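What follows is one structure encoded as structure tokens, with my remarks underneath.
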Amino acid sequence: MQSSMTGIRSVSGKLARRSVQVSILAMVVFVAMTLIARLPLWPLIDNRAFDYLSTLSPPPLPKDGPIIVAIDEPSLAEIKAQWPWPRSLHAKLIESLRAAGAKAIGLDIIFSEPSTQAEDTALAAALGPDVVLAGDETLVTSPQADQFVQVMPLQIFTDRGAMPGIASVGLGRDGVLRNVPPYDDGFAATIATTAGIAVQMPEEGSLIQTFGGARTYQTVSYYQALDPQQFLPQDFFKDRIVIIGLSLQNAPSIAGGGADAYATSYTVHTGRLTAGAEIQATILDNLRLEMSIRPADGLVRQVVLVVTVLLGAALVWRKTGWITFLGVAAAVLVLFAASFAALRLDNLFASPIAPSLAFVLVAGVQTAFDYAQERRSRRQITRAFSQYLAPALVEQLAKDPARLKLGGEKRVLSILFCDVRGFTTIAEQLKDDPQQLTGLINRLLTPLSDIVLSHGGTIDKYIGDCLMAFWNAPIDDPDHAVHAVSAALAMLESMQGLNEELEAEAAAEGRPHYPLKIGIGINTGECVVGNMGSTQRLDYSALGDAVNLAARLEGTSKNYGISLLLGEGTASAIGSDFGVFELDRITVKGRTQQSPVFTATRASSANLAQAHAEFLRARYAGDVTAQRQLAPSLQQGNPDLSAYYGQAFIDN
């Protein structure tokens, strides 16, 4: 219970620290994005987002929209007159359009300077209240002052009832036309009024919804409009608004520029500029159909940013992983989709760039933090466990640190103690040669340690000539008892080869050989395992009664003349994988309860097990005669226990 509460407190502490970290990160990202969005260059990014979103599946061109009469290359070729053309020609065009039933006529041409009296008179005679003439307003900047200069049509033309309209447009810092001109007497607004259409000017800063690239609007050449009966279908201009202006096809590109042609939001797709007359037509449709797009105000943008940052924090509140990347991708898609939906359904543009970047930053930075923490954790695990775990197990822990509980936990372990028999005598004989003594111990412990690690064990510690190891921590091992016994038998089998090597080396160097023998005790039971020690030094170790019993078993094994002694928990856990033989019931030092002890061999048989059971019953009954009768055949059939059976011939 105490261990569970400790684990809960540890997890709660980690979550609290992570919550603080994510909260601080979210606040930092919010403040940073708020400040970044105020930089002069940031609107250019938002504007580009508007360009793509507003031209993604744009609204269809209004069927009753203005018709463009283009002063284009074919007209220049047909009319065969140098530009500017005689004003009497424009007068003829106005009369032709009026006769064809045009509702309103806009000339996107500025007549601010007088021509010849005859030409001006001819144009004035053709003008009327159904005609709008273009004017211009320009900001002139000088060191002394900034001044707006208006260039308007000659009074001779306006006296005839023609309405002037400001055709000036404002370009963004990137040279792209996006905003509805803020003029109540603008060219497009005046045409609408002339056509009897009441329009309300949108709020300042409203954006133009384009319907396509250059030549999207229905366009005819100037020379065709001069004689519509010959070149155009019947009633082509009837009840339609007509806008006349330059629309050259081979000049208007971003690279080459063009006369009265501008980059619009659609230019990102085509690279082509749009003629001023067509832009005025677009503005007119935006006004009369109330399709202009209002940008989201500061409060809306901040609310969206706050919500997005909070959602990003929620995504990484507990952990990050592959789901984080899916969440980020989904969030960005949703933000762009929501921006597009608002643009189409409510004529509102809320840029998704800042919220998307904020979401990516919160999730990305926290993911980077977690990745760095995971790398540090892996390095720490590798350093901590590389000395007493097999490299493959260390790699498993490094890949999945969640499998490791360093704070201490209760586990059922199989604990192995291995000690050198008669080491005190060997140490006494080699007291004058410490290098040979340490070398001998290292030669012994190295192969034994390798066997432990190869069988998935964890080396707890070395105590002089003693090795302590355990199984089932820090990595789960369902067959820990089997692996521990298998390792013990392999350790015993390795001694013959090691002694042969040492004997050969001793003979070659002319020094005495000290044969090495080991005793092993293994017990299985519940222990407390985790990092233990002081604040300066920690070791991953195990504590508990099961550990103490394993140590006692190792020391007791020599009393039975065998090298491996098992506790009851281990013997019952290994099942039929080995030959298991009960040897005695003993009360080990430090315990009051008698415990059966066992040993294990690689194999056994039913007959041998039955004979051993008879021997054990005789031993418990104190029947020495029966023991001595059974001992010889058992010694022959189970030579690993020969010394144990031979005790029957020793007077107790």
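Data table
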quantity: P(r) histogram, all alpha-carbon pairs of segment 410-572 included - 5 Å bins from 0, percent; calculated: 2, 9, 18, 21, 18, 14, 10, 6, 3, 1, 0
quantity: Nitroxide proxy distance, nm - points 7 Å out along Cα→Cβ at Ala341 and Ser57; calculated: 1.2
quantity: Computed magnitude of the charge dipole of the chain (debye, nearest 20; Cβ of K, R +1, Cβ of D, E -1); calculated: 1660
quantity: Local electrostatic count, Phe598, Cβ distance below 15 Å [Lys/Arg +1, Asp/Glu -1]; calculated: -2
quantity: Förster-model FRET efficiency, 51 Å R0, Lys410 and Arg628, C-beta, rounded to 0.05; calculated: 0.65
quantity: Cα-based helix-to-principal-axis angle, 117-126 vs the chain, degrees rounded to 10; calculated: 70
quantity: Estimated FRET transfer efficiency (Phe369, Ala330; beta-carbon r; R0 30 Å; 0.05); calculated: 0.90
quantity: Residue-level accessible surface for Ile45, protein heavy atoms, 1.4 Å, Å²; calculated: 80
quantity: Part-to-part distance (alpha-carbon centres) for segment 51-92 and segment 424-471, which is given in Å; calculated: 97
quantity: Size descriptor, Kirkwood hydrodynamic radius, that averages inverse alpha-carbon separations across segment 60-290, Å; calculated: 18.0
quantity: Of Ala104, Pro84, Gly196, farthest towards positive along the dipole that unit charges on Lys, Arg, Asp, Glu beta carbons give the chain; calculated: Gly196
quantity: Karplus-derived HN-Hα couplings along segment 140-155 (A = 6.51, B = -1.76, C = 1.60, θ = phi - 60°), whole Hz, x at Gly and Pro; calculated: 9, 9, 9, x, 7, 6, 9, 9, 8, 10, 9, 10, 10, x, 4, 4
quantity: Exposure of Met152 as accessible area (Å², to 10), given a probe of 1.4 Å and all protein chains; calculated: 60
quantity: For the chain, Kirkwood radius (reciprocal of mean inverse C-alpha pair distance, Å); calculated: 33.9
quantity: Estimated distance in nm for a label pair at His269 and Ala198, the labels positioned 7 Å out from Cα along Cα-to-Cβ; calculated: 3.5
quantity: Net charge of Cβ neighbours under 12 Å - reference Val485; Lys, Arg +1; Asp, Glu -1; calculated: -1
quantity: Karplus-derived HN-Hα couplings along segment 290-298 (A = 6.51, B = -1.76, C = 1.60, θ = phi - 60°), whole Hz, x at Gly and Pro; calculated: 6, 9, 5, 10, 8, x, 5, 6, x
quantity: Neighbourhood charge, 12 Å Cβ-Cβ cut-off, centred on Ser339 and excluding it, Lys, Arg +1 and Asp, Glu -1; calculated: 0
quantity: Whole-Å semi-axes of segment 148-221's equivalent ellipsoid (Cα gyration tensor); calculated: 23, 17, 14
quantity: Rounded Å value of the spacing that divides the Cα centres of segment 609-638 and segment 200-253; calculated: 116
quantity: Difference of contour (0.36 nm per residue) and Cα-Cα distance, Arg378 to Met291; calculated: 25.5 nm
quantity: Total charge dipole magnitude, segment 86-197, about the Cα centre, Cβ charges on Lys, Arg, Asp, Glu only, Debye to nearest 20; calculated: 340
quantity: Relative contact order (%) - criterion: Cα under 8 Å, at least six apart; region: segment 454-536; calculated: 20
quantity: Taking the chain and dividing mean pair separation by its residue count, relative contact order in percent (alpha carbons under 8 Å, at least six apart); calculated: 11
quantity: Segment 410-572 - charge dipole about Cα centre, Lys and Arg +1 at Cβ, Asp and Glu -1, debye rounded to 20; calculated: 380
quantity: Inter-centroid distance (Cα atoms) of segment 100-172 relative to segment 484-504, Å; calculated: 109
quantity: Ranked order, Val332, Val360 - accessible area, probe 1.4 Å, largest first; calculated: Val360, Val332
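The values are calculated or read from the model by the stated rules, or taken from the named source; none is laboratory data. The structure displayed is predicted, hence computed values, not measured ones. Please note: Cβ atoms are built from the backbone with ideal geometry, for glycine as well, and neighbour counts cover all protein chains shown. Areas reflect the complete protein model, heavy atoms only, side chains present, ligands, DNA and RNA absent. Shrake-Rupley method; radii C 1.70, N 1.55, O 1.52, S 1.80 Å.
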